[in-house]
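What follows is a short report on a single structure.
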Amino acid sequence: MNMARRFIVEGNPEGRFTIAEKEARHIFVLRHKVGDVIQVNNKLCEIIAMQKDEVICDVVGEAEIRGVPDTKITLFQALLKADKMEFVIQKAVELGVTSVVPFVSKNVVVKLEGKDKAKKSERWNKISVEASKQCGRSDIVPVSEILSFEEMLTTFQEYDLVLFAYENEKESLKEVLQGRGKGKRIAVVIGAEGGFDATEAERVMKAGENVKSVSLGDRILRAETASLFLLSVLMYECEE
Ligand code: SAM
């Protein structure tokens with residue numbers, strides 16, 4: 001059996017299933033043939049039949065879990081302007097996050113309504129899937145629908161630790177991470193280009209005992225730098 005690259009389809013492949021369109025063409029272009037075993041999402045699948053735009057496979061096993069850290073980190077990222085948001089999502093996937101949750105805060109300049117929201121969400125999830133394929137992860141990192149500030153606050157109870165990167169905070173990340181067990185489910189909250197206003201910061205810090213506001217140093221980082229920095233430190237601290 002010729003083991004090969006990983007392909008991504010919507011949903012969870014089971015039994016006999018068909019891969020169509022772009023992924024099917026990709027398999028064809030890579031000169032796979034009937035009998036090859038390829039990885040589709042996190043399943044090992046044997047090609048049963050194929051033509052240019054359609055590949056029929058049978059699930060023959062589970063693929064090994066690769067590139068998925070034990071510590072489950074969720075990045076809550078306030079909406080950023082187009083390319084920055086896409087950059088943050090791509091890098092967050094490479095840095096091992098488990099999920100990305102875009103949210104709206106007072107200082108967010110990007111206004112998305114109705115079908116624009118759905119289109120953005122679809123594009124962000126495509127970027128996430130491509131990033132997952134590129135870095136060889138065996139899982140998919142979902143980018144959730146855009147949450148309001150209120151909705152975001154209600155989700156914090158699901159985490160062992162919520163690290164709120166607040167530009168006006170004095171307590172350093174190092175102190176916070178040394179001071180307390182990190183736990184297995186960590187949320188990271190990063191503001192938009194305009195940051196958080198004082199009332200928002202107060203509401204975040206009151207959202208639960210597990211919420212800690214942290215300084216990322218005495219320089220003001222761009223939002224995309226702040227995300228990368230905090231996720232990198234957490235991966236360094238938490239990943240074996
Ligand atoms: N409007 C803010 C200002 O000028 O003071 C800047 C916001 S910064 C561009 C975007 C986000 O990155 C912040 O809301 C925060 O989440 C994070 N951030 C940037 N620098 C930080 C720092 N030194 N400490 C903590 N968080 C920081």
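The values are calculated or read from the model by the stated rules, or taken from the named source; none is laboratory data. Treat the numbers as computed from the prediction; the structure is a model and nothing was measured. So basically every Cβ, Gly included, is an ideal-geometry build from the backbone, and we count neighbours across all protein chains shown. Quick note on the areas: whole protein, heavy atoms, side chains included, nothing else; ligands and nucleic acids left out. Shrake-Rupley method; radii C 1.70, N 1.55, O 1.52, S 1.80 Å.
The distance between label points at Glu113 and Arg185 comes to 3.5 nm (points 7 Å beyond Cα on the Cα→Cβ vector).
Pop out the carbon and sulfur fraction of the accessible area of the chain as a percent, whole number, probe 1.4 Å.
Numbers: 6460 of 12530 Å².
Its accessible area is 52 percent carbon and sulfur atoms.
For the pair Glu150 and Thr225, the difference between a 0.36 nm per residue extended length and the Cα-Cα distance amounts to 24.5 nm.
Amide H to amide H distances under 5 Å link Val214 with Phe164, Ala165, Tyr166, where only residues 5 or more positions off or on other chains count and H is placed in the peptide plane.
As an exercise, identify the GluC sites (Glu not before Pro) in the stretch 65-125 lying in DSSP coil whose Cβ has no more than 16 other Cβ atoms within 10 Å. Present the calculation step by step, with values, prior to reporting the outcome.
On the way: sites: Glu86, Glu94, Glu113, Glu122; in loops: Glu113.
When the GluC sites (Glu not before Pro) of the stretch 65-125 are filtered for loop state and at most 16 Cβ neighbours within 10 Å, Glu113 remain.
Among the trypsin sites (Lys or Arg not before Pro) found in the stretch 166-217, those both in a DSSP coil and sparsely packed, with 12 or fewer other Cβ atoms within 10 Å of their Cβ, are Lys170, Arg180, Lys206.
If R0 equals 51 Å, the separation of the Cβ atoms of Asp160 and Lys126 corresponds to a calculated FRET efficiency of about 0.95. The orientation-averaged projected area of the convex hull spanned by the Cα atoms of the stretch 6-62 comes to 3.1 nm².
So which GluC sites (Glu not before Pro) in the stretch 192-239 are both in a DSSP loop and have at most 13 other Cβ atoms within 10 Å of their Cβ?
Details: sites: Glu193, Glu200, Glu202, Glu209, Glu224, Glu237, Glu239; in loops: Glu193, Glu209, Glu239.
Those satisfying the criteria are Glu209, Glu239.
Along the stretch 45-58 the Karplus relation, 6.51 cos²θ - 1.76 cosθ + 1.60 evaluated at θ = phi - 60°, assigns HN-Hα couplings of 9, 9, 6, 9, 8, 7, 9, 3, 10, 8, 10, 9, 10, 10 Hz to successive residues, with x for each Gly and Pro. Using helices alone, what [θ] at 222 nm do you get for the chain, with -39,500 (n - 2.57) per DSSP H run of 4 or more residues, divided over all residues and rounded to the nearest 500? My calculation for the chain gives -10500 deg cm²/dmol from helical runs alone.
Ordered from longest to shortest, the equivalent ellipsoid semi-axes for the chain are 38, 19, 14 Å, each the square root of 5 times a Cα gyration tensor eigenvalue.
As a quick test, which of the pairs Lys81/Lys106; Lys84/Lys120; Lys81/Lys117; Lys84/Lys170 have an alpha carbon distance above 18 angstrom in this structure? Over 18 Å apart, Cα to Cα: Lys84/Lys170. Comparing mean-square fluctuations of Leu221, Leu95, Leu75 from a GNM of the chain with C-alpha springs under 10 Å, the top value falls on Leu221. Within the listed set Gly217, Gly67, Gly179, the residue fluctuating most in the Gaussian network model of the chain (springs between alpha-carbon atoms under 10 angstrom) is Gly179. Considering only Asn42, Asn12, Asn210, the mean-square fluctuation computed in a Gaussian network model of the chain, springs between alpha carbons under 10 angstrom, is largest for Asn12.
By the scheme Lys and Arg +1, Asp and Glu -1, what is the net charge of all other residues having a beta-carbon under 13 Å from that of Asp116? Write out the running numbers ahead of the final one.
Numbers: positive: Lys111, Lys115, Lys117, Lys119, Lys120, Arg123; negative: Glu113, Glu122, Glu145.
So the surrounding residues net to +3.
Only lysines eight or more places from Lys52 in sequence, or on another chain, were considered; those with a Cα closer than 19 Å are Lys22, Lys33. Left without a cysteine partner by the 4.7 Å Cβ rule in the chain: Cys135, Cys238.
Here is what passes the span test in the chain: the DSSP H helices with alpha carbon length of 18 Å or more along the helix axis and a Kyte-Doolittle mean of 1.0 or above are 223-238.
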